[in-house]
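Notes to accompany the following structure.
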């Protein structure tokens, strides 16, 4: 079995999200701000950021989540059909600054898909990106506005984000797939 190295534990994740929330508030007018998470773990992190930002602003702001399954550029080459989640954007995006939230930024293709999906719901004034971990290896010219942790990785490594709501634990780990056992 491959060994995983914990790079962020529960407290690190909490502190990181608090810092990102403060950065979002500092850079954006409250009345023009919305947060949208990318399914799955990005949506969980977006809900946490939404709570923190709302507390800092002493009031609610729009929160949504988006599924990008049908916006992927590899649909024709995937071995199986994508798992589709429901998107929930029940507010008008026009003129807002939308902060897209994801767990890990890697090639940039997921974010590109999310931007396409967002524009199907309206025309935001600006789109920003908040990620818990940026591991590099970009294939598209996408750069996050808010980064929890930069994790220089090899392509053979995998960054795993686990959240309490889905996985029973809050942590970010790095696993080297070269040492992973192949199932029989």
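The values are calculated or read from the model by the stated rules, or taken from the named source; none is laboratory data. Note that the coordinates shown come from a computational prediction; the quantities given were computed from them, not determined experimentally. As a convention, Cβ positions derive from the backbone with ideal geometry for all residues, glycine included, and neighbour counts pool all protein chains shown.
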*Criterion: modelled with pLDDT of 95 or more and exposed (fewer than 13 other Cβ atoms within 10 Å of the Cβ) - qualifying residue of 103, 58, 94, 134*: 94
_Selection from region 148-167 of residues that are surrounded by 15 or more Cβ atoms within 10 Å (Cβ to Cβ) and not in a strand (DSSP E or B)_ = 151, 153, 163
*For region 61-73, indicate whether the set of residues that are within 21 Å of residue 171 (Cα to Cα), surrounded by 16 or more Cβ atoms within 10 Å (Cβ to Cβ) and under 17 Å from the mean Cα position of the chain (by Cα) is non-empty.*
no
*Single residue of 170, 145 found to be more than 23 Å from residue 118 (Cβ to Cβ) and surrounded by 14 or more Cβ atoms within 10 Å (Cβ to Cβ)*: 170
*Which of the residues that make up region 25-48 are in a helix (DSSP H, G or I) and out of contact with any strand residue (DSSP E or B) (no Cβ under 6 Å at 6 or more places or on another chain)?*
25, 26, 27, 30, 31, 44, 47, 48
